[in-house]
Amino acid sequence: MSEKLNKQELHNLAMNIVGKQLETDGYEFLGVNSKLKRDPQFVALKDKTLHFIIVRAISYPQDAHAFDPLFMQTIKEHAAKFEAKTFYAGVGLGHGTDYGKPVIKNEDYTVVYKGLQEIH
């Protein structure tokens, strides 16, 4: 029987997608936190600058690139104490044949991810 990924599994999948991009882009990981509701997910260094990266797994019909501005402002204020930049990485995840359906274990999935969005 087909089993949907739970919230933690979806979050881990989103973390893997973003983590691979960060590696490819030359980021050095200083801290990784894959537990739900623990932020930031990645604390990374690039070009001698500290980066706080918030990762969210988003399901249809929500917009993967929309974020809670109040929450992100809180993270940005926390990051400022460390002279870090703040980024949001929303990863839209859906079934491989129909983005509007949930991701099923051991089946193809669709990804909607435009990269990091800097929070100013």
(request) For the range 93-113, indicate whether the set of residues that are touching a residue at least 24 places away in the same chain (Cβ under 8 Å), in a loop (DSSP other than H, G, I, E, B) and out of contact with any Gly (no Cβ under 8 Å at 6 or more places or on another chain) is non-empty. (result) yes
(message) Suppose we filter the range 15-32 for residues that are surrounded by 11 or more Cβ atoms within 10 Å (Cβ to Cβ) and either farther than 25 Å from residue 80 by Cβ or at pLDDT below 95 (or both); how many remain?
(response) 3
(message) For the range 36-47, which positions are under 22 Å from residue 6 (Cβ atoms) and loosely packed, with under 10 Cβ neighbours inside 10 Å?
(response) 37, 38
(request) Six or more apart or on different chains, Cβ under 7 Å: which pairs go from a residue in the range 58-71 that's among the polar types (S, T, N, Q) to one that's not in a loop (DSSP other than H, G, I, E, B)? Could you list them? (result) 59/93; 59/94
(request) Would you check which residues across the range 37-60 are closer than 19 Å to residue 9 by Cα and either hydroxyl-bearing (Ser, Thr, Tyr) or under 11 Å from the mean Cα position of the chain (by Cα) (or both) and list them? (result) 39, 40, 41, 42, 53, 54, 55, 56, 57, 58, 59, 60
(message) Condition first: among the charged types (D, E, K, R) and over 21 Å from residue 78 (Cβ atoms). Can you find one or more residues in the range 26-44 that meet it?
(response) no
(message) Tally up the residues in the range 50-82 that are more than 30 Å from residue 95 (Cα to Cα) and either assigned to a loop (DSSP other than H, G, I, E, B) or in contact with a strand residue (DSSP E or B) (Cβ under 6 Å, 6 or more places away or on another chain) (or both), please.
(response) 7
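The values are calculated or read from the model by the stated rules, or taken from the named source; none is laboratory data. Model, not experiment: these values are computed from the prediction. Positions of Cβ are generated from backbone atoms using ideal geometry, with glycine treated the same way; all protein chains shown enter the neighbour counts.
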